[in-house]
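The values are calculated or read from the model by the stated rules, or taken from the named source; none is laboratory data. Bear in mind that the values here come from a model prediction, so they are computed numbers and not experimental data. Heavy atoms of the whole protein, side chains included, go into the accessibility calculation; ligands, DNA and RNA do not. Shrake-Rupley method; radii C 1.70, N 1.55, O 1.52, S 1.80 Å.
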Amino acid sequence: MKVLVSCPNLQGQLSRFSLAVITLEGDGIDWVDTRAFIDPSVDLGITGIAVLPDMTLVAIQSPSRPRVVKLSNALEYRETIEVPGLKDPHGMAVIGRTILMASTGTNEILAVDIDTGRTWKHWTFQETT
């Protein structure tokens, strides 16, 4: 069995090693080539993964350009979804063709249409006294 794992909170050249396929039977780790969508000068790694029938989505942690990247199921770069208002993404869930993702830097759950990139606030933390 193979498992896709993310390695977040990396810095510099290490951010290239943000995504790996691990074979549970002990055959080792296959690092995914992230050069097409990770910029080691600013990006900190991958902090969310969602596998769909037609693609794999990954959330990129970056202080200057947090975003979602679409990959083929062979883990090759397809395109980038810019997500307005996203800050420090962590975790993703997919319902139909909508991504729900935590924007921990803004204490919100953002919803993003996978096909159009349209983004809206699904939930915002409200402090109670």
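Would you mind telling me the share, in percent, of accessible area of the chain contributed by carbon and sulfur at probe 1.4 angstrom?
Looking at the chain in its full context, I get 54 percent from C and S.
Could you tell me the center-to-center distance, by alpha carbons, between the stretch 4-21 and the stretch 94-121 in angstrom?
A separation of 22 Å, based on Cα centres.
Over the chain, average the accessible area per residue using a 1.4 Å probe and give it in Å², no decimals.
In whole numbers, the chain has 55 Å² accessible per residue.
If you work out mean projected area of the Cα convex hull in nm² from the coordinates, which of (i) 17.7; (ii) 8.9; (iii) 8.0 do you get?
This structure yields the entry labelled (ii).
Restricting the count to DSSP beta bridges whose residues both fall in the chain, what percent are antiparallel, rounded to a multiple of 5?
The answer is about 100 percent antiparallel.
By how many nm would the segment from Arg78 to Ile95 grow when fully extended, if each residue of separation counts as 0.36 nm and the alpha-carbon distance is taken off?
Length gained, Arg78 through Ile95: 4.1 nm.
Residue-wise, which Karplus ³J(HN,Hα) couplings in Hz belong to the stretch 89-106, taking 6.51 cos²θ - 1.76 cosθ + 1.60, θ = phi - 60°, and x for glycine or proline?
Result, ordered by residue: x, 8, x, 8, 9, 10, 10, x, 10, 10, 8, 10, 9, 7, 9, 5, x, 10 Hz.
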